[in-house]
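Some notes on the structure that comes next.
The values are calculated or read from the model by the stated rules, or taken from the named source; none is laboratory data. Bear in mind that the values here come from a model prediction, so they are computed numbers and not experimental data. We place every Cβ from the backbone using ideal geometry, glycine too, and count neighbours over all the protein chains shown. These area figures cover heavy atoms from the full protein model, side chains too; ligands, DNA and RNA do not enter into them. Shrake-Rupley method; radii C 1.70, N 1.55, O 1.52, S 1.80 Å.
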Amino acid sequence: MAHWFHRNPLKATAPVSFNFYGVAGSPAANKICNDLRTTRARLLEMFTDVTCSPEIMKNATDAYFSLLQGFISSLDGTTQENKMRFIQNFKWTDTLQGNIPSAQQDAVFELVSMAFNVALWYTKFASRLAGKENITEAEAKDVHRSLKVAAGIFKNLKEVHIPRLITPAEKGRDLETRAIDAYIIQCQAEAQEVTIARAIELKHNATLIAALAFETANFYQKANQTLNTLEPECSSKWRKYFLLKQHFYIAYAYCYYGQTLLASDKCGEAIRALQEAEKCYSCAEDQCKEYRQTKGPGTTAKPSEQLFFLKLGGVIKNTLEKCQRENGFIYFHKVPAEAPLLELKASYGLAEPIPFELPPLSEQCSAEVYATFDLTKGAKNDKAKPKEEEVRPMKEPDLKPQKDTGCVVS
């Protein structure tokens, strides 16, 4: 089954030369700086390369982060901060704030910003793959894993690296708790969508599918609530996505719960559950229209015309008609006025983030080489410093810019 996922734009960044003039006092130190520049540029290129695979992305990420840690980790055997941590200024935009960059002279800021983009790349890779009409089992597993990898990266940044920043994240920025929590929850919810599609394809019992759908709807509800205090102009479209998916999966849950009730000879309750599914599906259709009309960073698409959406509408209609026929011929049950409560708990199939770990420190970054970096021999003439580069939006493949935000959208 083809899926459709909302995606915010990638973060953009200014080029970094890592030219430290007299500070790098040995050939080995200079090589580290050169390799930092080339591995960073390579990783940035991979974000917009449609041929990039998870394996290529991991190799590019490890190559850069193994070197960058040489400017973060303590290399002199003490507990003091790495003397190179604050030597370079880094500029990054945010996914919800258009092309307005934040800047910090801190290698940890670079680490979390770049890793954030790596996580975004995994979500975009999953989205491209999931959008195919005839997705194979192997591709579905890649989608599922990529979303859980992204969730693991976001979770690791939130718990381990973002707290290390000297300058706290500004409100509404990517590294702020509300935004990063929403990304974690979204990845988990979307991974469960893949699980649900797989469960339906393999004809697992309706009770399990209903429970998974209900848990997924709850994830989307939680993600929406997480963003409710963010400025509407930057979060409204994203929240509409969460809301339409919440209603969609509540409809899913009622549809398959109705099948469970029918199998238990509770035809009247089954009809009422299917009627509620129709109602929730109609709400989701309304949310799809609002999503399309809402300005802001994110996907320009018609979710109500996507295959995943249309297919559920047909399943609800056919199941309800079947229940009504059975009730007219066999059961003659009264249809309750109130919809049955969904008190469903999934025992299987819940998506958990895959733990993320940074690669080992590069062998180039030894204590001996570290000692040859001398901060007292930096550039004495400010005019020798290169002009600051502007931050240009990432040119993402097959995407159209939205004029109202200046963002590049996917």
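Quick look at the values:
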{"read-out": "Convex hull of the range 177-231 built on C-alpha atoms - directionally averaged projected area, nm²", "value": "3.6 nm²"}
{"read-out": "Phe332 accessible area, assembled protein chains, probe 1.4 Å, Å²", "value": "140 Å²"}
{"read-out": "J(HN,Hα) series, the range 148-165, from Karplus relation 6.51 cos²θ - 1.76 cosθ + 1.60, nearest Hz, glycine and proline x", "value": "6, 5, 4, 4, x, 5, 4, 5, 5, 4, 5, 8, 10, 9, 4, x, 7, 4"}
{"read-out": "In Hz, Karplus ³J(HN,Hα) per residue of the range 360-366 (6.51, -1.76, 1.60; θ = phi - 60°; x = Gly, Pro)", "value": "x, 4, 4, 5, 5, 8, 8"}
{"read-out": "From the C-alpha gyration tensor of the chain, square roots of 5λ in Å", "value": "49, 20, 17"}
{"read-out": "Mean Cβ count within 10 Å, highest first, over the residues of peptides 43-53, 274-284, 105-115, 250-260", "value": "250-260, 105-115, 274-284, 43-53"}
{"read-out": "Relative packing of peptides 162-168, 62-68, 143-149, 82-88 - highest average C-beta neighbours within 10 Å first", "value": "143-149, 62-68, 82-88, 162-168"}
{"read-out": "Sequence-distant residues sharing a close amide H with Phe373 (under 5 Å, placed H)", "value": "Gly25"}
{"read-out": "The range 107-116 - phi-based ³J(HN,Hα) in whole Hz, Karplus 6.51/-1.76/1.60, Gly and Pro as x", "value": "5, 5, 4, 5, 4, 6, 5, 5, 5, 4"}
{"read-out": "By average C-beta atoms within 10 angstrom, highest first, the peptides 92-102, 226-236", "value": "92-102, 226-236"}
{"read-out": "For q = 0.15 Å⁻¹, Debye-computed log10 I/I(0) when each Cα of the range 94-146 counts as one equal scatterer", "value": "-0.57"}
{"read-out": "Out-of-range pairs (alpha-carbon distance over 27 Å; input Lys58/Lys295; Lys203/Lys302; Lys295/Lys395)", "value": "Lys58/Lys295; Lys203/Lys302"}
